[in-house]
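**Q** Structure incoming, see below.
The values are calculated or read from the model by the stated rules, or taken from the named source; none is laboratory data. Since the structure is predicted, the reported quantities are computational estimates derived from the model, not experimental observations. Because the Cβ atoms are built from the backbone with ideal geometry, glycine has one as well, and the counts that use them run over all protein chains shown.
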């Protein structure tokens, strides 16, 4: 028996403490991981106590337990080593935190001047999430920068790519976030869900759109001109070709004139360019007997309309030039007359005879050999210096200061064009045209024409750089034709 009331009271408190200590200590000794596990695995219990709670005291520590005794209705909790009994208390186990899902392997790639393509891999084993694509001008490696970035796209269904079409130049960074159950994960991984390397972009200016009142009008797109119509052709004075046609609508339209010894029925027949003009007519003097067909096409800065239609922009019948049948002769370097026999005269024109003489003077070849080259179907012996007396033709000449020989540069140029250029022997034409432009005694008009044809010959031999250089030089002398050839050369470079 306890004969001291204070001792008895103290022993009673100690005994009560020993009885109640396991419940209070068990809450104190639980770790946070144990609490989360127990909270997530044990069902939440709600108990009501019919007793008014008494509070006990304890020592350091923290923890909580719930006692679900239905009969007694007691609930106890420990905090800082204290235990309490609560009246009609309610307690719910804490929910576990939502896992932060994110995309992976985010990659940004420039497609063109104003488009960047994004691709990524979506997270596995989740559904009903939202993807948000952000764009910024700095790396989106913090939540603050992400909040300042622009949202360019949101997907409520799974997607793994986005095409960002830009309107301003700059350096761009991207991030893609995952929102699950209303919670957006803004903690991102470099080069997985946010890009660390910026994509520099120089954006091409968009086409200008003019807004007037309630209407929106766009500048019309330039197109090639329509087909030429109403082509007519005739011969005057036996060898003068005259062509005419109707105007083609459009601005800065030029006309290309093509010639052929066969009908020009399709665009592939447009091979021999006779000239290019800005007007509605064309004249050309024929120097070689035969029948000639002509076609005319229209072109502008966009291109050439090469569509062909007979009797519309292509002559359906030939313009025939018959050379005069007269006996002529030229003068050899030695001053001896060279005869063209009457039977041959039907095939050799006066202009040809003059050219033969000049070519013989320049090349120092026998006239008979030059004649055979000029008119291949004639045997060389048909032109000699020992036949009947015939009329001598006077040939205008220019004396070469170095050699003392007389040259007619106009006919030399004519020979080069007829014998080599129009026969598509462009290599030989280049050699002779180069000699002409380098001849100090060559008159300026002939030299300019030689330069022009030299540029054309380089074009046909696919030496486009040389051709372009010459045509740029010729813009002052032949502006329309030089522009035409510059456009053709530029298309090949």
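**Q** When only residues in segment 161-185 that are under 21 Å from residue 125 (Cβ atoms) and surrounded by 15 or more Cβ atoms within 10 Å (Cβ to Cβ) count, which is nearest to the chain's Cα centre (by Cα)?
**A** 176
**Q** Would you check which residues across segment 108-139 are over 21 Å from residue 165 (Cα atoms) and not in a strand (DSSP E or B) and list them?
**A** Correct list: 122, 123, 124, 125, 126, 127, 128.
**Q** Checking residue 441 against (1) in a helix (DSSP H, G or I); (2) touching a residue at least 12 places away in the same chain (Cβ under 8 Å): exactly one of these is not met. Which one?
**A** Tallying (1) in a helix (DSSP H, G or I); (2) touching a residue at least 12 places away in the same chain (Cβ under 8 Å), residue 441 fails exactly one: (1).
**Q** So is residue 195 crowded, with 16+ Cβ neighbours inside 10 Å, modelled with pLDDT of 90 or more and over 17 Å from residue 136 (Cβ atoms) or not?
**A** When the stated conditions are applied, residue 195 does not pass them.
**Q** Taking segment 103-121 on its own, how many of its residues are modelled with pLDDT under 90 and surrounded by 15 or more Cβ atoms within 10 Å (Cβ to Cβ)?
**A** Selection size over segment 103-121: 1.
**Q** May I pose another question? When you look at residue 148, is it at pLDDT 90 or above and surrounded by 16 or more Cβ atoms within 10 Å (Cβ to Cβ), yes or no?
**A** Against the criterion (at pLDDT 90 or above and surrounded by 16 or more Cβ atoms within 10 Å (Cβ to Cβ)), residue 148 does not qualify.
**Q** For segment 127-145, what are the residues that are closer than 19 Å to residue 182 by Cα and surrounded by 14 or more Cβ atoms within 10 Å (Cβ to Cβ)?
**A** Across segment 127-145, the qualifying residues are 129, 130, 131, 132, 133, 134.
**Q** For segment 140-170, which positions are assigned to a loop (DSSP other than H, G, I, E, B) and in contact (Cβ under 8 Å) with a residue 12 or more places away in the chain?
**A** 140, 141, 149, 156, 158, 159, 160, 166, 167, 168, 169
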